[in-house]
């Protein structure tokens, strides 16, 4: 590949030195111009292998599930020991930026960022220094969804942490969006206090005892006020926003499980995109600067359907929650080339504007640079004839013996965890006898939204799709990310008139100057 790679690494030298940075280049090195930033700087030719970057919206060749990101190690020349001091720096968690541009061109203006990452660790020997990179996506995904647990320290009748005999060590409740029939832990059995969420909620629409509705009485301003209140029998007082979360207090001892219908966030802002953003900024530990905000805004605009999520497992991870919410609308979450978290939705690429057009003249090694491959979706990517989509989750299904005095429609609802929409396309099965069925579990709330998504999936997967692997010069895909669309024009395989594909994934081998695109359409 033409041009010079420039790598900048940050690190903290041994105390009392301040933060430092190292910038090196590939052969033949680079000297900046007097009007560059920095001016007249010499970037030594130490970069042997700039590594590679592999990103997929889902697993390789698939159109559902978690995205995948991978990095190849970066290698620097340290034969003269010139980088020995750098090996003593604390580089873990620090930024690393790779650029490329023409030799002699303005720096950094003519050297766009190829990717921005974070260092995991730096290794060195007599000849080389190896920089290994952190997988930000995996780091976020593996975090505990709810790190707060009950201490079990109540000295009854005081306390809201449960006792060693009931709640100690159990994850505290936490809610995103709107959830139905969520069972609550009783954090103080003397005062009949239940915790709704460790974060504020915005609406408590119903409280049930053994499936029967209780009367919502008074909203209290603070937890202190709630603890001092005395609700009438059969009624509930509550606080929605206090420094330690949302709580309710029962006016009489419950005869069964206490459940609620509750919502967090502002009405109209409980979409999958809103919940994904909240998960990343909350338990994911990210900041707004870590997010590609326009992608979240775009997803919220195209998929405004309301969703709901709550803690239902002590072992749940942030990745589990992100996967469930994104999968509810056929979306993905990933990390872009600038190290920002980005979201999007799988859609028919035919309706997307292509970022570029690839022709047969650009396909490298035509015998091996182009391949039609089998999808790794269930059923090998065969068209889907039937979509069965679960929605409107009941967070606490109840058997008939655990409810009392409930009218039949409500009783039937309480028995089942999910409602279902089934969209069947007999014409697809007639054309494709081996057509598959697609079962999807979602956290969508409304019937109309669930039916719309089931129909969308039936349309999206009801036709034969191609999955292509195409190798092209890496400089052709600068600025292209998975989730973008490109047009492919080839004299074979029915592509002579051109066809628009979605970029499911791409592998950029910077040292070899090759990018392999994995396309779907």
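If a residue must be in contact with a helix residue (DSSP H, G or I) (Cβ under 8 Å, 6 or more places away or on another chain) and within 22 Å of residue 52 (Cα to Cα), how many such residues does region 12-33 contain? Break it down stepwise before answering.
Applying the first criterion (in contact with a helix residue (DSSP H, G or I) (Cβ under 8 Å, 6 or more places away or on another chain)) to region 12-33 yields 13-14, 22.
Subsequent filtering for residues that are within 22 Å of residue 52 (Cα to Cα) retains 22.
Residues in region 12-33 being in contact with a helix residue (DSSP H, G or I) (Cβ under 8 Å, 6 or more places away or on another chain) and within 22 Å of residue 52 (Cα to Cα): 1 in total.
Which of (1) under 30 Å from residue 412 (Cα atoms); (2) in a strand (DSSP E or B) is the odd one out, the single condition residue 267 does not satisfy?
That leaves (2) as the condition not met.
Considering only region 2-50, state which residues are within 20 Å of residue 475 (Cβ to Cβ) and out of contact with any strand residue (DSSP E or B) (no Cβ under 6 Å at 6 or more places or on another chain).
Correct list: 2 only.
Is one or more of the residues making up region 185-198 surrounded by 15 or more Cβ atoms within 10 Å (Cβ to Cβ), farther than 28 Å from residue 408 by Cα, under 26 Å from the mean Cα position of the chain (by Cα) and not assigned by TED's automatic domain parsing to the domain that holds residue 293?
yes
Considering region 228-277 alone, what residues qualify as being over 29 Å from residue 327 (Cβ atoms), touching a residue at least 60 places away in the same chain (Cβ under 8 Å) and surrounded by fewer than 23 Cβ atoms within 10 Å (Cβ to Cβ)?
Narrowing region 228-277 to residues over 29 Å from residue 327 (Cβ atoms): 228-244, 247-256, 258.
Still in the running and touching a residue at least 60 places away in the same chain (Cβ under 8 Å): 244, 247-248, 252-256, 258.
Scanning region 228-277 gives 244, 252, 253, 254, 255, 256, 258.
Please go through (1) more than 30 Å from residue 47 (Cβ to Cβ); (2) in contact with a helix residue (DSSP H, G or I) (Cβ under 8 Å, 6 or more places away or on another chain); (3) crowded, with 20+ Cβ neighbours inside 10 Å for residue 445 and return the number of the only condition it doesn't satisfy.
(2)
If a residue has to be closer than 22 Å to residue 97 by Cα and part of a loop (DSSP other than H, G, I, E, B) to count, how many in region 40-70 make the cut?
To start, the set of residues in region 40-70 that are closer than 22 Å to residue 97 by Cα comprises 40-56, 68-70.
From what is left, the residues that are part of a loop (DSSP other than H, G, I, E, B) are 40-41, 44, 46, 50-51.
Counting residues in region 40-70 that are closer than 22 Å to residue 97 by Cα and part of a loop (DSSP other than H, G, I, E, B) gives 6.
Consider residue 100 carefully, then state whether it is crowded, with 16+ Cβ neighbours inside 10 Å, touching a strand residue (DSSP E or B) at 6+ places or on another chain (Cβ under 6 Å) and farther than 22 Å from residue 483 by Cβ.
Numbers: crowded, with 16+ Cβ neighbours inside 10 Å: yes; touching a strand residue (DSSP E or B) at 6+ places or on another chain (Cβ under 6 Å): yes; farther than 22 Å from residue 483 by Cβ: yes.
The answer is yes for residue 100.
Which residue, of 330, 308, 319, is buried (at least 24 other Cβ atoms within 10 Å of the Cβ), within 30 Å of residue 175 (Cβ to Cβ) and at pLDDT 95 or above? Steps first, answer last, please.
Details: 330 fails: buried (at least 24 other Cβ atoms within 10 Å of the Cβ); 319 fails: buried (at least 24 other Cβ atoms within 10 Å of the Cβ).
Just a single option satisfies the conditions, and that option is 308.
Checking the conditions here, which among 241, 205 is in a strand (DSSP E or B), within 37 Å of the chain's Cα centre (by Cα) and either in the same structural domain as residue 296 (by TED's automatic domain parsing) or modelled with pLDDT under 95 (or both)? Can you show your working first?
Working: 205 fails: either in the same structural domain as residue 296 (by TED's automatic domain parsing) or modelled with pLDDT under 95 (or both).
From the options 241, 205, the qualifying one is 241.
Name the single residue that is surrounded by the most Cβ atoms within 10 Å (Cβ to Cβ) among those in region 156-181 being part of a strand (DSSP E or B) and at positive phi. Give the derivation first.
So in region 156-181, the residues part of a strand (DSSP E or B) come out as 158, 171, 175-181.
With the extra rule that they be at positive phi, the set shrinks to 177, 181.
Values: 177: 24, 181: 21.
Taking the candidates together, the pick is 177.
Restricting to region 500-521, count the residues that are in contact with a helix residue (DSSP H, G or I) (Cβ under 9 Å, 6 or more places away or on another chain) and either free of Cβ contacts under 8 Å to residues at least 60 places away in the same chain or crowded, with 20+ Cβ neighbours inside 10 Å (or both). If you could, list the steps in order and put the result at the bottom.
As a first pass, look at region 500-521 and keep what is in contact with a helix residue (DSSP H, G or I) (Cβ under 9 Å, 6 or more places away or on another chain): 500-503, 506, 508-510, 512-515, 517, 519-521.
Pick out the ones that are also either free of Cβ contacts under 8 Å to residues at least 60 places away in the same chain or crowded, with 20+ Cβ neighbours inside 10 Å (or both) and you get 501-503, 506, 508, 510, 515, 517, 519-521.
Residues that pass the stated criteria total 11.
Conditions first: (1) closer than 19 Å to residue 310 by Cβ; (2) in a loop (DSSP other than H, G, I, E, B). Residue 233 passes all but one, so which condition is the exception?
The single condition residue 233 does not satisfy is (1).
Kindly indicate whether residue 221 is assigned to a loop (DSSP other than H, G, I, E, B), on the phi < 0 side of the Ramachandran plot and not assigned by TED's automatic domain parsing to the domain that holds residue 392. Give the steps one after another, and end with the answer.
Numbers: assigned to a loop (DSSP other than H, G, I, E, B): yes; on the phi < 0 side of the Ramachandran plot: yes; not assigned by TED's automatic domain parsing to the domain that holds residue 392: yes.
It is true that residue 221 is assigned to a loop (DSSP other than H, G, I, E, B), on the phi < 0 side of the Ramachandran plot and not assigned by TED's automatic domain parsing to the domain that holds residue 392.
Return yes or no: is residue 360 in contact (Cβ under 8 Å) with a residue 12 or more places away in the chain, over 20 Å from residue 60 (Cβ atoms), in contact with a helix residue (DSSP H, G or I) (Cβ under 7 Å, 6 or more places away or on another chain) and surrounded by fewer than 17 Cβ atoms within 10 Å (Cβ to Cβ)?
On the way: in contact (Cβ under 8 Å) with a residue 12 or more places away in the chain: yes; over 20 Å from residue 60 (Cβ atoms): yes; in contact with a helix residue (DSSP H, G or I) (Cβ under 7 Å, 6 or more places away or on another chain): no; surrounded by fewer than 17 Cβ atoms within 10 Å (Cβ to Cβ): yes.
Answer is no for this residue.
Within the bounds of region 15-37, is there any residue that is surrounded by fewer than 15 Cβ atoms within 10 Å (Cβ to Cβ), in a loop (DSSP other than H, G, I, E, B), in contact (Cβ under 8 Å) with a residue 60 or more places away in the chain and within 38 Å of the chain's Cα centre (by Cα)?
Yes; the residues of region 15-37 include at least one that is surrounded by fewer than 15 Cβ atoms within 10 Å (Cβ to Cβ), in a loop (DSSP other than H, G, I, E, B), in contact (Cβ under 8 Å) with a residue 60 or more places away in the chain and within 38 Å of the chain's Cα centre (by Cα).
Provide a single number: the residues in region 434-490 that are over 21 Å from residue 307 (Cβ atoms) and in a loop (DSSP other than H, G, I, E, B).
Number satisfying all stated conditions: 14.
Which condition number in (1) under 22 Å from residue 346 (Cβ atoms); (2) out of contact with any helix residue (DSSP H, G or I) (no Cβ under 7 Å at 6 or more places or on another chain); (3) part of a helix (DSSP H, G or I) is the one that residue 289 fails?
So residue 289 meets the others, but not (1).
Of the numbered conditions (1) closer than 30 Å to residue 180 by Cα; (2) outside any loop (DSSP other than H, G, I, E, B); (3) out of contact with any helix residue (DSSP H, G or I) (no Cβ under 8 Å at 6 or more places or on another chain); (4) modelled with pLDDT under 95, residue 411 fails exactly one; give the number of that condition.
(3)
Go through region 485-499 and give me each residue that's under 23 Å from residue 54 (Cα atoms) and surrounded by fewer than 20 Cβ atoms within 10 Å (Cβ to Cβ).
Going residue by residue through region 485-499, those that are under 23 Å from residue 54 (Cα atoms) are 485-488.
Hit for region 485-499 is 487, nothing else.
The values are calculated or read from the model by the stated rules, or taken from the named source; none is laboratory data. Bear in mind the structure is a predicted one, so any value in this text is a computation, not a measurement. Ideal geometry is used to build each Cβ from the backbone, glycine not excepted, and the neighbour counts take in all protein chains shown.
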